[in-house]
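What follows is one structure encoded as C-alpha cells, with my remarks underneath.
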Amino acid sequence: MEGSVGYDNDLNLRATELRLGLPGTEPVSIVRSNKRSLQQVADDDCGVNGCKSDDQNETAPPPPKAQIVGWPPIRSYRKNNIQTKKNESEGGGIYVKVSMDGAPYLRKIDLKIYSGYPELLQAIENMLKFTIGEYSEREGYKGSDYAPTYEDKDGDWMLVGDVPWEMFITSCKRLRIMKGSEARGLGCGV
Amino acid sequence: MEPSELKRSKDSPNLDESTRRLSFPDEVLERVLSLLKSHRDRSSVSLVCKDWYNAERWSRTHVFIGNCYSVSPEIVARRFPKIRSVTLKGKPRFSDFNLVPENWGADIHAWLVVFAAKYPFLEELRLKRMAISDESLEFLAVSFPNFKALSLLSCDGFSTNGLAAIATHCKNLTELDIQENGIDDKGGSWLSCFPESFTSLEVLNFANLSSDINFDALERLVGRCKSMRVLKLNRSVSLEQLQRLLVNAPQLAELGTGSFSEELTFRQCVELESALSNCKNMHTLSGLWDAKGIYLPALYPVCTHLTFLNLSYAALRSDELAKLLAHCPRLKRLWVLDTVEDKGLEAVGMNCPLLEELRVFPADLFDEEIIHGVTEAGFVAVSFGCPRLHYVLYFCCQMTNAAVATIVQNCPDFTHFRLCIMNPGQPDHITNEPMDEAFGAVVKTCTKLQRLSVSGRLTDLTFEYIGRYAKNLETLSVAFAGSSDWGMQCVMGGCSKLRKLEIRDCPFGNAALLSGLEKYESMRSLWMSACNVTMNGCRLLAREMPRLNVEVMKEDGSDDSQADKVYVYRSIAGPRRDAPPSVLTL
C-alpha cells in the first residue's frame, strides 16, 4: 500500500481548484487565510494572546474573499435568484407635519417607519387621541367626524388612502386631519 | 399483527417445522404486508424467509432507489412486478454545487424504457438529481396512461417543451412539481397546454420558472381544478393576479406567491387580505419574492394557522420579520435569508415556541462592503425560545464553541445539525481555537443526531468525538477540516449507522480511504474530492471490494497519480456502462 502523501495545503488546493474570481479581483487562494489563522494558533500560548494578535491583524483590511468552486454549499438556483434589497433607510426619514382642526399645535411624524396606511392611521389616532372612520373608495372615511387629508406635491389637498402607499409617501408634504362639515364633504359624490 | 409476532410464532421451538408449519395463505400475508409503507420495514420483512420475500415483493407498490447506479431497472422490474410509484436519486449531492462534471450521467431514459414495458400502469415518478431530456418527458407522457404525479427536484437537461408534453398528454395528472431545477426556460406557453377538459390537478408548482405564463389560462385552470391544494406560482405572477386566483381557490393548503412587490392601492390591499383570510386550510406559505414590508400585513389572517413559512426568497429586514412573526404562533418550520440578522432571529425565539426547523440562507455572497448576516447570537436566541428545534441549516459568518454548547443544551433533540461557517477553516472568533468542542458538544448531547454538516477550523479531535458519540449518524458532510488520516479513520470505525459520507478539501489520504474497506458495502456512497487520495489507493480499494463501484473523476491538468474526485458506492448492477470519458471506473 502506498504511503499517504503528507498533507500540504498549498499543493493540494491549488492543484485541484478551479477558481472563479470576480473581474478585477486577484484570485486569493483560500490557503492564505488558512495559513494566517494557523500561524496565529502556532504563535499563541493560549487563547487570550490569540485575541491580541488577532486585533493587530484586524487593522489591515481583510483580503478579498476567495471564490471557491461550490462554496458556500448553496444550490445554483438559489444563488441566482436571491436579490438583496438595497439598503432603503440610508437617507433618513420622511418627516411631515400633522395638524388637526381645533388642536392648538402641530405634530411631526416620520412616514418611513410605517409599512402602510393602516399603521399610519393607527399611529395618528393614537397620537392625537381620536378615531378615524372606515375607509371605502366610494365614500371616504365613514363613521366619524374626522377625515385624514394630505397636501401633495402639486399643492392639492387629497384624501389619504386613494393612491398606492409608495406613491403617497413620496408625494405627501403635510397631513391635516379635517373635522366637521369640511370632512364630510370629502369623498362623497366626487 | 406485527410481522415480528408472526415470525416468533413460526419459529417457536415447540413446533416441528415440517409437520406443524404455520401455513399462512399467501393472500393474507400479502394483504397484511400491503399495509406496510416504510421501505426499511419492507426490507426487513423481505429478509425473514423466502415466503415472506415473495409476499413482500408482490405487494410492494412503491420503490425507493437512493442511488440509481446501485441497481439496474431490469433487476428492479424482475423483483417487484407491481410497482406504481418510483422515487429515484441520481448524482452525488455535491453536483448541486457544481463539483460534478456536466455529463456525468444519471439519465432517466433507460429506466423509462424498462418501466414502459414492465410497469405500464406507473402512476408516480419522483426524481432527484437526475438528467432528464425533453424526449424522455415526451416518452413518459405518452407511455403511461394512468400517470398521475411528476416531481423533479434538482434535475437538469430539459426545457419547458418537455413540460408542455406532460401537460398535453397526461389526462390523469394530479401533481406537477418542478422544484429548483436546471431548466431551459423557453417561455410560459406550456401551461396553456392543459386541455380545457382537464380538472384533476391537485399540486402545481412552477415557482422555479422565470418566464411569463398566460395568466388567463392559469386562472381558468385553477378555477376548474377544484381539488387543488398546492399552488406555487412563479415570480411573473403579480399581487393583483394572485388575488384573482385566490378568490377561486380558497381551499388551498399550500401557497407560493409570485412577486410580492407591485404597488397596490388601499382597496387592492384590502381585497388581497380578504382573499387570503378566506383560505382557512392554508398551512404553508412561500414565494414572496421581492417582498416589501408594507404588503406583509395582508398575510396576517393566514399567519395564525401557518406551520411552514418559507421566506428564503424575500430579503426581509429584522423589523419586518419581527412584525410578521408576531402573527405566526403556530410555526413549525421557518426558512429565512440572513438579511433578517440576529435581531430577526431573536424575534423567532420570542414568537415561535413550537418551531422545529430553521433554515437561514445567506443573501449577498460577494458584497465585501456590507457587514451583515447572522452570528452565533441569533442561533443562541432561537435556541432559548424554541426548545423543540430539531432541524437546523445555518449559514453564518462567525461562531463560537460556547454558543454551540449553549444551543445544544437548550435543544438536545437535534436530528439534523448543518452548520456552515462561511469562511472555510475559520476558528472560534472569540477564543481563536478550533471549533472541535462545538461539534463535540453536538454529538455528545444530541443522541438522536442523524445528519451532521461541520465547518470552521477543525482538527482530528472533532472526528474523534464524532466516531465516539454519534452512534445514530447516517449522513456526514465535511469540508476544509481535519488534520490527518486519523480523523476519517475515527469516523469509519465509530459511526456504525453511517450511510452517506461526503468530504471535500481535507487532508485524508489512502490510509483513511482504506480504513473504511469493510464499511462501504453497508453505506450508500462515499464522496471524496480534493483530498490526498491517489489512483493507487483507489485501485486497491476496487480490487479488494469487487461489489463496490470505485469511480474517479479526473480534472484537466492534474497530476496523473492523484485521484481528484472519488465516488464509491455499492452496486448489484456492476460497473456502469454510461460513464463519460472523464469518469474512470476502477
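Can you tell me which of B:Ala579, B:Ala542 is under 16 Å from B:Ser95 (Cβ atoms) and out of contact with any His (no Cβ under 6 Å at 6 or more places or on another chain)?
Within the list B:Ala579, B:Ala542, the selection yields B:Ala579.
Checking B:Val336 against (1) β-branched (Val, Ile, Thr); (2) touching a helix residue (DSSP H, G or I) at 6+ places or on another chain (Cβ under 7 Å); (3) closer than 30 Å to A:Leu159 by Cβ, which single condition isn't satisfied?
Failed condition: (3).
May I ask you to list pairs of residues, at least six apart or on different chains, whose Cβ atoms are under 7 Å apart, with the first in the stretch A:156-180 being more than 7 Å from every other protein chain (Cβ to nearest Cβ) and surrounded by fewer than 17 Cβ atoms within 10 Å (Cβ to Cβ) and the second being basic (Lys, Arg) and part of a strand (DSSP E or B)?
A:Arg174/A:Lys97
Only one of (1) in contact with a helix residue (DSSP H, G or I) (Cβ under 7 Å, 6 or more places away or on another chain); (2) without any contact (Cβ under 8 Å) to a residue 24 or more places away in the chain fails for B:Asp505. Which number is that?
So B:Asp505 meets the others, but not (2).
Counting just the residues of the stretch B:253-290 that are modelled with pLDDT under 90 and in a loop (DSSP other than H, G, I, E, B), which one comes out farthest from the other protein chains (Cβ to nearest Cβ)?
My answer is B:Phe260.
Please work out which residue is farthest from A:Ile124 (Cα to Cα), limiting yourself to the stretch A:159-189 and to residues that are at pLDDT 85 or above and among the small types (Gly, Ala, Ser).
A:Ser171
So how many residues does the stretch B:220-247 have that are over 17 Å from B:Glu262 (Cβ atoms) and not hydroxyl-bearing (Ser, Thr, Tyr)? Break it down stepwise before answering.
Filtering the stretch B:220-247 for residues over 17 Å from B:Glu262 (Cβ atoms) gives B:220-232, B:247.
With the extra rule that they be not hydroxyl-bearing (Ser, Thr, Tyr), the set shrinks to B:220-226, B:228-232, B:247.
Residues that pass the stated criteria total 13.
Which condition number in (1) in contact with a Leu (Cβ under 7 Å, 6 or more places away or on another chain); (2) surrounded by fewer than 21 Cβ atoms within 10 Å (Cβ to Cβ); (3) not hydroxyl-bearing (Ser, Thr, Tyr) is the one that B:Leu173 fails?
(2)
Tell me which residues, restricted to the stretch B:393-407, are within 25 Å of the chain's Cα centre (by Cα) and buried (at least 23 other Cβ atoms within 10 Å of the Cβ). Write out each step before concluding.
Going residue by residue through the stretch B:393-407, those that are within 25 Å of the chain's Cα centre (by Cα) are B:393-397, B:404, B:407.
Answer for the stretch B:393-407, where residues must be within 25 Å of the chain's Cα centre (by Cα) and buried (at least 23 other Cβ atoms within 10 Å of the Cβ): B:Tyr394, B:Phe395, B:Cys396, B:Val404, B:Ile407.
Name the helices (runs of 4 or more DSSP H) wholly inside the stretch B:335-423 in which the number of residues that are under 18 Å from B:Leu316 (Cβ atoms) and within 14 Å of another protein chain (Cβ to nearest Cβ) is 1 or more. It would help to see each step written out before you state the result.
Details: elements: B:341-351, B:376-385, B:401-410.
Fully inside the stretch B:335-423 and qualifying: B:341-351.
Consider B:Cys155 against the criteria (1) more than 14 Å from every other protein chain (Cβ to nearest Cβ); (2) under 30 Å from B:Ser529 (Cα atoms); (3) surrounded by 18 or more Cβ atoms within 10 Å (Cβ to Cβ); (4) touching a Lys or Arg at 6+ places or on another chain (Cβ under 9 Å): it satisfies all of them except one. Which criterion is unmet?
Every condition holds for B:Cys155 apart from (1).
So which pairs qualify, if the first residue must be in the stretch B:60-86 and in a helix (DSSP H, G or I), the second must be basic (Lys, Arg), the Cβ gap must be under 8 Å, and the two must be at least 6 apart or on different chains?
Listed by first residue and then by second, the contacts come to B:Ala77/B:Lys118; B:Arg79/B:Arg57.
Among the candidates A:Lys108, A:Lys129, which residue alone is more than 10 Å from every other protein chain (Cβ to nearest Cβ), touching a Lys or Arg at 6+ places or on another chain (Cβ under 6 Å), among the charged types (D, E, K, R) and more than 24 Å from B:Leu296 (Cα to Cα)?
Working: A:Lys129 fails: touching a Lys or Arg at 6+ places or on another chain (Cβ under 6 Å).
Exactly one of A:Lys108, A:Lys129 is more than 10 Å from every other protein chain (Cβ to nearest Cβ), touching a Lys or Arg at 6+ places or on another chain (Cβ under 6 Å), among the charged types (D, E, K, R) and more than 24 Å from B:Leu296 (Cα to Cα), namely A:Lys108.
Taking B:Gly440, is it closer than 18 Å to B:Ser483 by Cα, more than 12 Å from chain A (Cβ to nearest Cβ) and in contact (Cβ under 8 Å) with a residue 24 or more places away in the chain?
Values: closer than 18 Å to B:Ser483 by Cα: yes; more than 12 Å from chain A (Cβ to nearest Cβ): yes; in contact (Cβ under 8 Å) with a residue 24 or more places away in the chain: yes.
Taking the combined requirement at face value, the residue satisfies it.
Do we find that B:Lys448 is away from every other protein chain (no Cβ under 14 Å) and either surrounded by 22 or more Cβ atoms within 10 Å (Cβ to Cβ) or within 23 Å of B:Gln489 (Cβ to Cβ) (or both) in this structure? Quick ask: steps written out before the conclusion?
Numbers: away from every other protein chain (no Cβ under 14 Å): yes; either surrounded by 22 or more Cβ atoms within 10 Å (Cβ to Cβ) or within 23 Å of B:Gln489 (Cβ to Cβ) (or both): no.
For B:Lys448, the condition - away from every other protein chain (no Cβ under 14 Å) and either surrounded by 22 or more Cβ atoms within 10 Å (Cβ to Cβ) or within 23 Å of B:Gln489 (Cβ to Cβ) (or both) - is not met.
Quick one: count up the residues across the stretch B:425-436 that are surrounded by 23 or more Cβ atoms within 10 Å (Cβ to Cβ) and either facing another protein chain (nearest Cβ under 7 Å) or over 18 Å from B:Cys446 (Cα atoms) (or both).
Taking the stretch B:425-436 and keeping what is surrounded by 23 or more Cβ atoms within 10 Å (Cβ to Cβ), we get B:425, B:427-428, B:434-436.
Of the ones still in play, those that are also either facing another protein chain (nearest Cβ under 7 Å) or over 18 Å from B:Cys446 (Cα atoms) (or both) are B:425, B:427-428, B:434.
Counting residues in the stretch B:425-436 that are surrounded by 23 or more Cβ atoms within 10 Å (Cβ to Cβ) and either facing another protein chain (nearest Cβ under 7 Å) or over 18 Å from B:Cys446 (Cα atoms) (or both) gives 4.
Return yes when B:Asp560 is modelled with pLDDT under 95 and surrounded by fewer than 18 Cβ atoms within 10 Å (Cβ to Cβ) and no when it is not. Please lay out each step first, then the result.
On the way: modelled with pLDDT under 95: yes; surrounded by fewer than 18 Cβ atoms within 10 Å (Cβ to Cβ): yes.
So B:Asp560 fits the description; yes.
Of these, B:Arg126, B:Arg93, which one is within 14 Å of chain A (Cβ to nearest Cβ), under 20 Å from the mean Cα position of the chain (by Cα), farther than 23 Å from B:Arg577 by Cβ and at pLDDT 95 or above?
It is B:Arg93.
Please list, ordered by first then second residue, the pairs with beta carbon atoms under 6 Å, 6 or more apart or interchain, first in the stretch B:174-203 and more than 19 Å from B:Lys148 (Cα to Cα) and within 14 Å of chain A (Cβ to nearest Cβ), second surrounded by 16 or more Cβ atoms within 10 Å (Cβ to Cβ) and of a type in the set (Gly, Ala, Ser).
From residues that are more than 19 Å from B:Lys148 (Cα to Cα) and within 14 Å of chain A (Cβ to nearest Cβ), the pairs are B:Glu180/B:Ser154; B:Asp184/B:Ser159; B:Asp185/B:Ser211.
Among the residues of the stretch B:511-532, is there at least one that is within 14 Å of chain A (Cβ to nearest Cβ), touching a Phe, Trp or Tyr at 6+ places or on another chain (Cβ under 7 Å), of a type in the set (Phe, Trp, Tyr) and within 30 Å of B:Gly90 (Cβ to Cβ)?
So far as the stretch B:511-532 goes, yes, one or more of its residues are within 14 Å of chain A (Cβ to nearest Cβ), touching a Phe, Trp or Tyr at 6+ places or on another chain (Cβ under 7 Å), of a type in the set (Phe, Trp, Tyr) and within 30 Å of B:Gly90 (Cβ to Cβ).
Kindly provide the set of residues from the stretch B:240-252 that are under 18 Å from B:Leu309 (Cβ atoms) and outside any loop (DSSP other than H, G, I, E, B), ordered by number.
B:Leu242, B:Leu246
If you go through the stretch B:194-218 one residue at a time, how many are crowded, with 16+ Cβ neighbours inside 10 Å, outside any strand (DSSP E or B) and not polar (S, T, N, Q)? Quick ask: steps written out before the conclusion?
Taking the stretch B:194-218 as the starting set, the residues that turn out to be crowded, with 16+ Cβ neighbours inside 10 Å are B:194, B:198, B:200-209, B:211, B:213, B:215, B:217-218.
Restricting the remaining residues to those that are outside any strand (DSSP E or B) gives B:194, B:198, B:200-202, B:206-209, B:211, B:215, B:217-218.
Next, from what is left, pick out any that are not polar (S, T, N, Q): B:194, B:198, B:201-202, B:206-207, B:209, B:215, B:217-218.
The qualifying residues number 10.
Among the residues in the stretch B:432-446, are any out of contact with any strand residue (DSSP E or B) (no Cβ under 8 Å at 6 or more places or on another chain), among the basic types (Lys, Arg) and part of a loop (DSSP other than H, G, I, E, B)?
no
Quick check: is even one residue across the stretch B:563-582 touching a residue at least 24 places away in the same chain (Cβ under 8 Å), buried (at least 19 other Cβ atoms within 10 Å of the Cβ) and farther than 22 Å from B:Asp107 by Cα?
Yes.
Pick from the stretch B:461-485 the residues that are assigned to a helix (DSSP H, G or I) and crowded, with 20+ Cβ neighbours inside 10 Å: which of them is farthest from the other protein chains (Cβ to nearest Cβ)? Quick ask: steps written out before the conclusion?
The first filter runs over the stretch B:461-485 and keeps only residues assigned to a helix (DSSP H, G or I), leaving B:461-469, B:485.
From what's left, crowded, with 20+ Cβ neighbours inside 10 Å: B:462-463, B:465-467, B:469, B:485.
Details: B:Thr462: 15, B:Phe463: 14, B:Tyr465: 19, B:Ile466: 19, B:Gly467: 19, B:Tyr469: 24, B:Asp485: 6 Å.
Within the stretch B:461-485, the match that is farthest from the other protein chains (Cβ to nearest Cβ) is B:Tyr469.
Search the stretch B:514-536 for residues being in contact with a strand residue (DSSP E or B) (Cβ under 7 Å, 6 or more places away or on another chain) and part of a helix (DSSP H, G or I), and hand back the single one that is surrounded by the most Cβ atoms within 10 Å (Cβ to Cβ).
Applying the filter and picking the extreme gives B:Tyr520.
The values are calculated or read from the model by the stated rules, or taken from the named source; none is laboratory data. Keep in mind the model is a prediction, meaning the values are calculated, not measured. Neighbour counts run over all protein chains shown; Cβ positions are idealised from the backbone, glycine included.
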